[in-house]
Each structure stands twice: as C-alpha cells, then as structure tokens.
1. Please find, among THR92, THR84, the residue that is touching a Ser or Thr at 6+ places or on another chain (Cβ under 8 Å) and either of a type outside the set (Asp, Glu) or surrounded by fewer than 17 Cβ atoms within 10 Å (Cβ to Cβ) (or both).
2. When you go through LEU36, LEU17 one by one, which is the residue that is away from the ligand (no atom under 16 Å from the Cβ) and in contact (Cβ under 8 Å) with a residue 60 or more places away in the chain?
3. Which one of these is more than 15 Å from the ligand (Cβ to nearest atom), open to solvent by less than 20 Å² (accessible area, probe 1.4 Å) and in contact with a Ser or Thr (Cβ under 7 Å, 6 or more places away or on another chain): CYS169, CYS127?
4. Go through the stretch 141-198 residue by residue and tally those that are of a type in the set (S, T, N, Q), over 20 Å from the mean Cα position of the chain (by Cα) and part of a loop (DSSP other than H, G, I, E, B).
5. Which one is farthest from ALA136 (Cα to Cα), of the residues in the stretch 58-71 that are open to solvent by 30 Å² or more (accessible area, probe 1.4 Å) and away from the ligand (no atom under 13 Å from the Cβ)?
6. Could you figure out which of (1) buried (at least 17 other Cβ atoms within 10 Å of the Cβ); (2) in contact (Cβ under 8 Å) with a residue 24 or more places away in the chain; (3) assigned to a loop (DSSP other than H, G, I, E, B) isn't true of GLN74?
Amino acid sequence: MLLYGASGHAKVILSILEANGQRVTAIFDDDPEKKLLERIPVIGTYDPKHEPTAPLIISIGYNAVRRQIARHIQHVFGTAIHPTALVDTNVTVGEGSVIMQGAIVQVGTSMGKHVIVNTGATVDHDCKLGDFVHVAPGVTLCGSVQVGENTLIGAGSVVAPNLTIGADCLIAAGSVVTVCVPNGATVRGNPARIIATS
Ligand SMILES: CC(=O)SCCNC(=O)CCNC(=O)[C@H](O)C(C)(C)COP(=O)(O)OP(=O)(O)OC[C@H]1O[C@@H](n2cnc3c(N)ncnc32)[C@H](O)[C@@H]1OP(=O)(O)O
C-alpha cells in the first residue's frame, strides 16, 4: 500500500493498516523537507511509476486537496477500515475511503470515493455520503441523511434524520443541524444557522 500525504491524518491511516496487517512501503508528499513518517520513507512528489500495481490512499484530511490530488493519480485506490469500526455488511465503501477507530456505519449506507468517517463517528442507516465527504470525529448522522460531495461535517456535530446537506458545505464543529442545508453553506450552532455561502 502507498499513501499520499505525510500528515497527522496519515499517521491514523498507518495505524489502521498496521492493525489490519497491511504494510505501507512509501508515502508521497510534495514537501521535500519530509523524509520519514512513523519509520515509513517519504519519497517526494507523486510518481506513477513507483510500485505501479500497489493500491494508494490519499492521506489528506482537507477535502479540496484530496479531490485535487485524486484527479492525477494513476494507481488504483485502496481503502482502510479499522478492526474496531462497526461497519454493517450492507454498506458500500467507495475507493480511497477510510473508516477510523470506533466509528459505526449502519446498514444501507453508501459511502462515495475518498470519504473519511473519522474516529468515533456514527453514520446511521441508509445515509448517502458523496465523494470526498469528511465526517469528523464524534459526529452523529441520524438515519437517511444525505451529504453532498466535498462537505465537512465538523467534529461532534449532530444531523437529524432524513435531512440533505448539500455539496461543498462546512458544518462547524458542535453544530446541531435540524433543517436541510443548501450547497455551499457554512452553518454553525444549535440549532445550526447559515452564516456564509459560497
Ligand atoms: C482528527 C481531526 O482533527 S478532523 C478535523 C475536523 N475539523 C473540524 O471539525 C473543524 C471544523 N471547523 C470549525 O468548526 C471552525 O471553528 C470554523 C471553520 C467553523 C470557523 O473557523 P474560523 O473561520 O477560523 O473562525 P474563527 O475561529 O475565527 O471564529 C469566528 C467566530 O466564530 C465562532 N466559532 C468558530 N467556530 C465555531 C463553532 N464550531 N461553533 C460556533 N461558533 C464558532 C468563534 O467563536 C468566533 O466568534 P466571535 O466572532 O463571536 O468571536
């Protein structure tokens, strides 16, 4: 397995892969100063010829950057699911996606590509997470919530059942979302209110 991005997020993904007995042989990173992460060599900018058949995960938490990098990757994408995560057998997990320690993903949920379900987050039944969504640590998505591409659901937020959160949204940490959120909105508070739109 290869990673792209020698970040704190990468350290968590390394820990997941290690728990699953999978070996990471190298990490790409555009910062030439980075040489080593957790004893794994950091080998510079992306090279499609480096171990071309190895699967790769983009280990960058920031959705827009993950999306931009994904466009020019030629390796196949892997996934990483920690053994302490409870993922129902009737869940689809798109390529490049990761599910961290202690997360719960319930029956009928579909996760797009390069999605992050972070530490201890709960994604309940029949949710739909678009590509490049990040569900941050400790979030609760109730049943049948839809989340559009690139959206960050900030740490500890709660989203009530059957709501649609648009694409490119930022749900501030600790928000309680009780109504649908349009594309590009930043919301915060309890109940969450729109404070900006893009
Ligand atoms: C493993 C990991 O770490 S995964 C990381 C996941 N990341 C997250 O969950 C972070 C989500 N980000 C946030 O919640 C941020 O606070 C943001 C993006 C909403 C705001 O960030 P900034 O734009 O830098 O806002 P800033 O810190 O300058 O605060 C501006 C105002 O908003 C308030 N504010 C900031 N965040 C929040 C919040 N989550 N809820 C309510 N109010 C907030 C501040 O108190 C401040 O209020 P004031 O103007 O009355 O003093």
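The values are calculated or read from the model by the stated rules, or taken from the named source; none is laboratory data. These numbers come from a predicted model, not from an experiment. Cβ: placed from backbone, ideal geometry, glycine included. Neighbour counts: every protein chain shown. These accessible areas exclude ligands, DNA and RNA; they are computed on the full protein's heavy atoms, side chains included. Shrake-Rupley method; radii C 1.70, N 1.55, O 1.52, S 1.80 Å.
1. THR92
2. Exactly one residue qualifies, and that residue is LEU17.
3. CYS127
4. Looking only at that region, the number is 4.
5. Ranking the qualifying residues of the stretch 58-71, first place goes to ARG71.
6. Every listed condition holds for GLN74 apart from (1).
One line per residue, one yes/no per condition, for (1) hydrophobic (A, V, I, L, M, F, W, C); (2) in a strand (DSSP E or B); (3) closer than 18 Å to GLY96 by Cα:
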| residue | (1), (2), (3) |
| --- | --- |
| ASP31 | no, no, no |
| GLU51 | no, no, yes |
| ILE57 | yes, yes, yes |
| ILE60 | yes, no, yes |
